[in-house]
Amino acid sequence: MKRVAIQADDFDVATELAALEQLGGGGIASFTGVVRGEGGLIALELEHYPAMTQAQMTRIVDEAMARWPLLGVSVIHRHGRLEPGARIVFVGTASRHRGAALESCAFLIDWLKSDAPFWKKEHMSDGATRWVAARAEDEAQALGWKA
Amino acid sequence: MKRVAIQADDFDVATELAALEQLGGGGIASFTGVVRGEGGLIALELEHYPAMTQAQMTRIVDEAMARWPLLGVSVIHRHGRLEPGARIVFVGTASRHRGAALESCAFLIDWLKSDAPFWKKEHMSDGATRWVAARAEDEAQALGWKA
Amino acid sequence: MAALSLVYFAWVRESIGCDGEQVARPASGATIADLITQLAARGDGYALALGDVARVRAAIDQRFAPLDTVIGDAREIALFPPVTGG
Amino acid sequence: MAALSLVYFAWVRESIGCDGEQVARPASGATIADLITQLAARGDGYALALGDVARVRAAIDQRFAPLDTVIGDAREIALFPPVTGG
């Protein structure tokens with residue numbers, strides 16, 4: 001099972017997990033990212049490059065499935081305007097054993113949070129807006145997987 | 001938020017995750033373990049030592065909360081007779097950042113799968129039963145966290 | 001001093017045939033290993049469950065304890081196979 | 001040969017004021033960096049978006065590409081800030 005989606009709409013974590021639980025594996029790992037409302041943030045606006053983002057997300061999921069013995073992967077990323085508390089990203093992986101499920105889930109979310117072709121604009125409560133700069137710490141974390 | 005439960009009944013992953021998503025963190029990691037029906041297994045019977053198992057699960061959750069900056073942890077383990085496809089264990093963690101959520105989730109499930117005071121009996125389709133022996137590989141994995 | 005509670009789990013429980021019992025408190029200074037030897041000497045299911053001490057693990061008052069731990073004034077000793085996790 | 005499609009994202013798009021356009025295909029052998037210099041020379045929003053080439057990243061036909069990549073017969077060049085992930 002392989003599912004890669006980029007969408008404006010919210011998603012239902014329970015539906016995604018239920019599909020992964022049906023695959024006969026012993027372990028399902030997941031990560032859900034939520035918009036934090038810190039420092040006066042009232043909304044995050046996510047822009048992406050549709051053809052490239054979908055292709056690259058599919059490629060990284062294929063890489064994870066080649067690297068770990070996975071029965072299923074589900075990756076969902078939202079775009080558009082998201083307010084604090086909104087879900088922004090989901091990664092779910094299913095495998096016979098927990099190690100493969102946990103490691104591949106961490107690998108995929110590290111890639112999504114650092115290398116995926118998204119750009120984020122912060123809307124603040126005082127009316128200011130700011131494009132988020134690339135985060136050096138995320139890049140360092142993703143590099144760890146390439147070593 | 002801290003939740004530690006040992007119960008015969010099934011649990012609802014969506015309810016657990018929803019509670020963790022409410023805590024204002026940016027990341028929620030989870031692991032769900034499911035009984036695999038391999039090699040003619042028709043049921044797994046889990047025995048535990050109620051007072052000790054609850055106390056030790058609480059202690060390991062406290063340790064995870066001291067070790068990582070977590071906003072919430074939910075750990076549920078079932079006991080009794082469980083058939084293939086049944087959920088057996090759930091770990092959910094919430095933190096501001098994904099690293100703490102992912103690492104603490106892996107730490108807790110490694111402990112639960114190797115050191116938690118449970119004993120498993122396998123019921124096979126030919127009527128045979130067998131107590132599962134302690135798994136050396138799980139012990140090695142849990143030791144990694146202590147180093 | 002009050003009697004000592006013993007509780008058994010998994011195949012230790014199955015071989016002995018009950019999930020626990022009260023026994024007279026062992027002599028001062030006795031260890032869990034001494035208790036196991038004494039119980040195994042009862043023969044039958046006890047010998048089967050506890051005869052090979054290398055296969056037995058223990059807890060004192062709901063905490064894992066090495067077999068050379070002195071029982072002292074503990075209230076509950078648990079005897080069981082190595083835990084297999086959940 | 002057909003015109004070249006350009007697409008812009010994030011503050012590159014905002015400074016230029018549109019999300020893409022068609023331009024005449026550059027001379028054979030021209031790189032993405034050459035294209036950026038040529039666009040920045042238009043001044044105004046183009047200069048603002050593309051004047052500091054160190055801040056610009058690119059893709060050719062939906063794949064990341066270093067700025068010294070020759071454009072060749074590519075159909076679509078994307079110009080954008082470093083990606084920030086989701």
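So here's what we get for this one:
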| read-out | value |
| --- | --- |
| Candidates B:T93, B:T58, filtered to the one that is more than 14 Å from chain C (Cβ to nearest Cβ) and of a type in the set (V, I, T) | B:T93 |
| Members of segment D:1-15 that are touching an Asp or Glu at 6+ places or on another chain (Cβ under 9 Å), surrounded by 17 or more Cβ atoms within 10 Å (Cβ to Cβ) and either more than 14 Å from chain A (Cβ to nearest Cβ) or among the β-branched types (V, I, T) (or both) | D:L4, D:V7 |
| Filtered residue count, segment D:76-86, keeping only those that are of a type in the set (A, V, I, L, M) and either within 7 Å of chain A (Cβ to nearest Cβ) or without any contact (Cβ under 8 Å) to a residue 60 or more places away in the chain (or both) | 2 |
| Exclusive hit being more than 10 Å from chain B (Cβ to nearest Cβ) and either surrounded by 18 or more Cβ atoms within 10 Å (Cβ to Cβ) or of a type in the set (D, E) (or both), set A:M1, A:M65, A:M52 | A:M52 |
| Residue pairs meeting the criteria (Cβ under 9 Å; at least 6 apart or on separate chains; first more than 8 Å from every other protein chain (Cβ to nearest Cβ), in segment B:101-121; second of a type in the set (F, W, Y) and part of a loop (DSSP other than H, G, I, E, B)) | B:E103/B:W68; B:S104/B:W68; B:F107/B:W68 |
| Options D:R57, D:R63: the member that is of a type outside the set (S, T, N, Q), under 30 Å from B:R98 (Cβ atoms) and touching a residue at least 12 places away in the same chain (Cβ under 8 Å) | D:R57 |
| Among the residues listed as B:F31, B:F11, the single one being among the aromatic types (F, W, Y), surrounded by 15 or more Cβ atoms within 10 Å (Cβ to Cβ) and more than 10 Å from every other protein chain (Cβ to nearest Cβ) | B:F11 |
| Residues being surrounded by 16 or more Cβ atoms within 10 Å (Cβ to Cβ), among the β-branched types (V, I, T) and closer than 13 Å to C:T37 by Cβ - total across segment C:49-70 | 1 |
| All positions within segment C:17-50 that are touching a residue at least 24 places away in the same chain (Cβ under 8 Å) and within 14 Å of another protein chain (Cβ to nearest Cβ) | C:L48, C:A49 |
| Every residue from segment B:74-97 that is buried (at least 22 other Cβ atoms within 10 Å of the Cβ) and farther than 29 Å from C:A58 by Cβ | B:S74, B:F90, B:G92, B:T93, B:A94, B:S95 |
| D:D73 farther than 30 Å from B:G27 by Cα, within 14 Å of another protein chain (Cβ to nearest Cβ) and either surrounded by fewer than 16 Cβ atoms within 10 Å (Cβ to Cβ) or at pLDDT 95 or above (or both) | no |
| Out of A:L112, A:L71, sole residue that is touching a His at 6+ places or on another chain (Cβ under 8 Å), among the aliphatic types (A, V, I, L, M) and buried (at least 16 other Cβ atoms within 10 Å of the Cβ) | A:L112 |
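The values are calculated or read from the model by the stated rules, or taken from the named source; none is laboratory data. This structure is a prediction, so every number in the text was calculated from the model and none was measured. All Cβ positions, even for glycine, are placed from backbone atoms using ideal geometry, and neighbour counts span all protein chains on display.
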